[in-house]
Amino acid sequence: MLRRWAAALWLATSIAFGSVRCTPPAAHHAEPASSSAPSSGPASSNRASRDEQSGHADAPDQQVGRSRPASPTELAIVEGLMHETESLRGLRFLAPVEVRIEDRAAMRAYVDRALDDEQLRRATRRYLALGALDENLDVRALLVSVMEEELVGYYDPKKKRLAVRSDIARELGMASTHGVSSSGEPPVAPRSERSLTWRATVVHELVHALQDQHFGLGTTIEQKRSTDADNAFGALIEGDATLVMLGYTVQLAGESLDTLAQHPERVLSAMSRSPDQLTGALRKAPALLREPLLFRYREGAHFCAELYRDGGWARVDAAHRAPPSTTLSVRNPRRYLDRSPEPSLRLPEVSWLHERGYEAVDDDVLGGLELSVVLETAGVEAEYIVSAWRGDRYLVLEHQAKDVSLWWLHFATSATARNVGEAFERLHDPARRVARKASSLLVARGLDAASFVRATETLGTLGSVQPARTPATTAHIVSRSASRAPVKRGDPLATNTHRH
């Protein structure tokens with residue numbers, strides 16, 4: 001869902017690390033993990049940044065805040081972290097990574113530019129129609145606040161650039177104002193717990209640079225996906241980088257990443273926090289924004305740890321070429337590893353709604369994760385819902401200047417469908433109607449009674465699921481252009497279906 005709110009912003013942030021615990025588990029005495037020799041890529045990065053310092057590179061997009069090239073001392077610190085990242089991740093840098101130091105104002109400007117107002121408008125409309133968002137919430141202001149508060153560094157795949165916040169650079173001991181101390185010697189980086197946290201964050205962002213260079217992250221991020229597939233893809237990207245970050249921290253405690261990955265549940269435990277343990281804007285954010293965001297780091301790291309345990313980094317690399325397409329597979333990595341069929345529902349035939357004055361404006365697959373967040377206050381365990389989810393289709397329609405929604409859901413058992421239906425009823429929303437048939441549910445909001453009765457007739461068709469095999473391929477991933485673009489007025493509603 002963060003993709004829905006913030007376009008490609010999630011890919012360039014380390015927002016979870018001020019809020020999600022990354023303290024390494026208790027150290028076990030084990031031999032360090034073997035690693036490949038670092039490449040000459042980091043040195044190339046230093047030369048590229050020094051060229052910019054001499055005026056041979058492009059200037060920043062906007063003069064908002066202060067953004068400058070990294071100093072030689074700062075570059076030396078980053079170069080060292082690049083070598084460590086290469087060793088931990090088992091990939092070499094293939095090209096230079098530009099390094100810049102930015103103040104808070106410059107980073108806020110980056111966040112502001114990264115937000116896509118049209119996607120924000122569509123996402124807000126989608127979740128308002130679902131009844132899952134406060135209509136008085138300023139989503140844009142909240143996002144900027146969360147990102148500004150948590151952002152300590154980012155990797156920009158368009159410019160192939162790593163940015164580190166200036167106060168973090170100072171705290172890392174990277175440099176004084178000009179990169180050297182008053183004596184002319186490079187300062188010694190303090191090894192405080194806070195400093196190590198920031199270093200681990202830089203390592204996390206450097207993994208995104210490796211993902212970009214080896215797997216074309218700058219291109220794959222733009223591929224069309226449903227909300228559920230996008231959450232799953234985000235979990236792979238952030239989970240990969242988070243696992244390396246955790247490997248960096250436990251390595252400093254005398255443990256190896258190999259040892260940590262043999263117990264993926266420890267990875268999940270190390271990244272888990274309850275909402276009341278969060279701070280600032282992230283704690284105040286609605287669950288519909290907060291939980292899918294944290295899922296990418298928390299469950300994403302667990303997912304990648306399971307893949308690593310199964311086949312090392314080669315297995316994770318393969319996942320980048322064929323990403324998981326549902327949060328069901330992220331929550332249950334064995335499904336992905338076993339190439340279990342991924343649930344996929346067709347949008348039921350509802351063209352008759354057009355004859356009654358309803359116009360389709362949005363069509364999506366929200367997935368088990370988003371369903372669990374919507375039902376968070378109804379006392380249903382998220383893991384139970386995500387694991388039992390077997391497909392959904394979500395449709396937003398406009399009728400008499402008001403938005404209504406229909407959400408078809410299919411589950412592994414009829415008992416689960418009954419429990420989820422009862423959970424929706426416990427939310428006590430007078431505009432919502434719920435109907436169940438066997439393992440399928442229809443949850444409608446704002447739909448008139450007669451239309452709802454007719455819509456329930458579609459429940460009998462939801463059991464005919466056409467599964468796709470995992471690992472997923474882009475051929476069967478839902479097209480965002482289809483799932484988000486408004487349907488032309490006058491077109492039959494049934495034409496706004498996903499092709500598989």
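The values are calculated or read from the model by the stated rules, or taken from the named source; none is laboratory data. As the structure is a computational prediction, the values presented were derived from the model and not from experiment. Counting neighbours? That spans all protein chains shown, and the Cβs are built from the backbone with ideal geometry, glycine included. The protein model used for the area step is the full one, side chains on, heavy atoms only, and it has no ligands, DNA or RNA in it. Shrake-Rupley method; radii C 1.70, N 1.55, O 1.52, S 1.80 Å.
Using the Karplus relation 6.51 cos²θ - 1.76 cosθ + 1.60 with θ = phi - 60°, the per-residue 3J(HN,Hα) values for region 159-172 come to 9, 6, 10, 9, 10, 10, 5, 4, 5, 5, 4, 5, 5, 5 Hz, with x marking Gly and Pro. When each of the peptides 71-82, 319-330 is scored by how many other beta carbons lie within 10 Å of its residues on average, the order from highest to lowest is 319-330, 71-82.
Model label points for Lys402 and Arg194, set 7 angstrom from Cα along the Cα-to-Cβ axis, are 5.3 nm apart. Computed packing ranks the peptides 411-417, 125-131 as 125-131, 411-417, most packed first, by mean other Cβ atoms within 10 Å.
Summarising the amide proton neighbourhood of Lys224: residues at separation of 5 or more, or on other chains, whose placed amide H is nearer than 5 Å comprise Arg480.
Averaged over its residues, region 249-401 has an accessible area of 34 Å² per residue, based on protein heavy atoms and a 1.4 Å probe.
Solvent-accessible surface of protein heavy atoms, probed at 1.4 angstrom with all chains present, puts Glu457, Glu84 in the order Glu457, Glu84, largest first.
Would you please classify the overall shape of region 299-394 from the alpha carbon gyration tensor, given that a ≥ b ≥ c denote the square roots of the eigenvalues, rounded means a/c under 1.5, and beyond that prolate means a/b larger than b/c while oblate covers the rest? Judged from the Cα gyration tensor, region 299-394 comes out prolate (a/c at least 1.5, a/b above b/c). Using a Förster radius of 51 Å, what is the FRET efficiency between Arg426 and Glu118 based on their Cβ-Cβ separation? Nearest 0.05, please. Computed FRET efficiency for Arg426 and Glu118 comes out at 0.90. Taking 0.36 nm per residue of separation and subtracting the Cα-Cα distance, full extension of the segment from Leu268 to His214 would add 16.8 nm.
Inter-label distance, Ala438 to Arg283: 4.8 nm, where each label sits 7 Å from its Cα along the C-beta direction. Placing a label point 7 Å from the Cα of Ala141 along the Cα-to-Cβ direction, no residue of region 86-112 has its backbone N under 12 Å from that point.
Remark: region 199-204, residue by residue, has Karplus-estimated 3J(HN,Hα) of 5, 4, 5, 5, 4, 4 Hz, where x stands for each Gly or Pro and the curve is 6.51 cos²θ - 1.76 cosθ + 1.60 at θ = phi - 60°.
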